[in-house]
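Quick notes on the structure that follows.
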Amino acid sequence: MSSGTGGSYWADKALPSVFKHELLKRYLPQFGGMTSRQSHDKRVIYLDGYAGEGRYENGEPASAEIALRVASHHHARHGLTLECFFSEAQQKSFDRLQKVVQHYQACGVLAHAHRGEVDGLLDAVVQRAVGEPLFLFLDPCGLVLPQDRLVDVLARKRPQKRPATELLMNFSMMAVWRLGGHVRSEKGNERTLQRFDEVCGGAWWREYFADAAASRDKEGAAEDAIEAVAAEYARRLARRTGMLVQSVPVSHSPRKRAVYRLVFATRSQYGLWVFGDTVARARDEWWKTLEMREE
Ligand SMILES: C[S@@+](CC[C@H](N)C(=O)[O-])C[C@H]1O[C@@H](n2cnc3c(N)ncnc32)[C@H](O)[C@@H]1O
């Protein structure tokens, strides 16, 4: 299963990314503001684990530059350090990302770009965040880290309420759709299915598609199965980490099914409330952009 960005991904921003970035742009400063007092040196640690290029070819900021701008603003206005870590596996994307990061480093932002897989950086970031609030943003094109790995960080290494730990991650509905096809086909690739077993923390998800295969309305049943798998994934993450988990659908248009869900996890009721408010504002911007593009 592809894990890189191809074609015109970085030419300019697609509608799902409009929503994702509006959410990040609004929520990250709030997380910094809400949690910086939990740190002895007003430092908050941020990881963008699948960072991409940092900026679109048309000059618009992508996730990395959004965080760097928040860090720069927080530093100048509130004396707060948002220490940013970025990992990117593809050399070409990394080279572009590094240029963006270097620009902000030169302006005094504490940021680190790592060429390689997020799995290789995660433990070092968690170590760096001992005694500090930590925000993890995991936004792959395909499959995210195994749930056991997330549970190890969230429940074993960061079980406490303070300093805060939060997660925002992309759960690809397109990937689940394709994988559901593998379950239903006799020629389904077992290695691909096992990789998704790891993401889900077990093979439980396969049963949803086996049921769909037995249904008369296969297409409709498969759509229901995708939604059910995403909901069960969130429930399991909540149960295994003891966190409050919410997920929101992200799509190209109101008439199309979600390409992914953004899964948010926190231990703070207030964080959940602020997140909900931010989702509503981001959705508003998404509608405005949709209308503008349709015109
Ligand atoms: C959806 S794009 C990231 C978009 C970016 N977060 C944004 O919103 O602007 C996913 C990126 O993750 C990279 N990638 C894929 N697998 C990775 C891994 N295991 N570790 C780090 N980066 C990875 C891809 O090369 C791609 O650039």
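For LYS187, give me every one of the lysines with a C-alpha distance below 29 angstrom, ignoring sequence neighbours fewer than eight places off in its own chain. In chain and number order, the partners are LYS218, LYS256.
Would you mind working out the magnitude of the charge dipole of the range 1-133 relative to its Cα centre, with +1 at each Lys and Arg C-beta and -1 at each Asp and Glu C-beta, to the nearest 20 Debye?
It works out to roughly 420 debye.
Considering only HIS114, VAL126, CYS141, the residue lying farthest towards the positive end of the dipole of the range 98-154 is HIS114, judged by Cα position with unit charges set on Cβ. Classify the range 68-163: rounded, prolate or oblate, from the alpha-carbon gyration tensor (a ≥ b ≥ c, eigenvalue square roots; a/c under 1.5 rounded; otherwise prolate if a/b is larger than b/c)? Here the range 68-163 falls in the oblate category. The separation of the range 179-244 from the range 271-290, counted between C-alpha centres, amounts to 28 Å.
Dipole magnitude for the range 162-205: about 100 debye, using +1 per Lys or Arg Cβ and -1 per Asp or Glu Cβ, origin at the Cα centre. Within the shell of other residues whose beta carbon sits under 15 angstrom from the beta carbon of HIS78, the net charge comes to +3, with Lys and Arg scored +1 and Asp and Glu -1. Rounded if a/c is under 1.5, else prolate if a/b is larger than b/c, else oblate: which is the range 195-295, with a ≥ b ≥ c the root eigenvalues of its Cα gyration tensor? The shape class here is oblate. DSSP assigns beta bridges within the range 31-188; of those with both partners inside it, close to 5 percent run antiparallel. The value obtained for the chain, namely the Cα convex hull volume divided by the number of residues, is 133 Å³ per residue.
Placing unit charges on each Cβ (+1 for Lys and Arg, -1 for Asp and Glu) gives the range 202-241 a dipole about its Cα centre, and among ALA225, LEU237, ALA203 the Cα reaching farthest toward its positive end belongs to LEU237. Dipole magnitude for the chain: computed about the Cα centre from +1 point charges on Lys and Arg Cβ and -1 point charges on Asp and Glu Cβ, it is near 680 debye.
Working note: Karplus 6.51/-1.76/1.60 with θ = phi - 60° gives the range 18-25 the couplings 4, 5, 4, 6, 5, 5, 5, 4 Hz, where Gly and Pro are set to x.
Over all other residues within a Cβ to Cβ distance under 13 Å of LYS13, the charged ones net out to -3, with Lys and Arg as +1 and Asp and Glu as -1. Looking at the chain, the DSSP beta bridges with both ends there are about 40 percent antiparallel. Where does helix 91-106 land angle-wise versus the long Cα axis of the chain, in degrees 0 to 90, nearest 10? With both axes taken from Cα atoms, the answer is about 30 degrees.
Taking amide H atoms as placed 1.01 Å from N in the peptide plane, the amide H of ALA111 lies under 5 Å from those of CYS84, each 5 or more residues away in sequence or on another chain. Taking amide H as placed 1.01 Å from N in the peptide plane, ALA164 has its amide H under 5 Å from the amide H of LEU134, each at least 5 places away in sequence or on another chain. Compared with the direct C-alpha span, the chain from HIS252 to GLN30 gains 77.3 nm at full extension, assuming 0.36 nm per residue. Tell me the angle of helix 63-78 to the major Cα principal axis of the chain, expressed in degrees between 0 and 90 and rounded to the nearest ten. Result, in degrees: 30.
Each Lys or Arg adds one and each Asp or Glu subtracts one; over the other residues with Cβ under 15 Å from the Cβ of GLY52, this totals -3.
All of the numbers you see were taken from the coordinates with simple rules; none came from a lab. None of the values given here were measured: they were computed from a predicted structure. All Cβ positions, glycine included, derive from the backbone under ideal geometry; neighbour counts span all protein chains shown.
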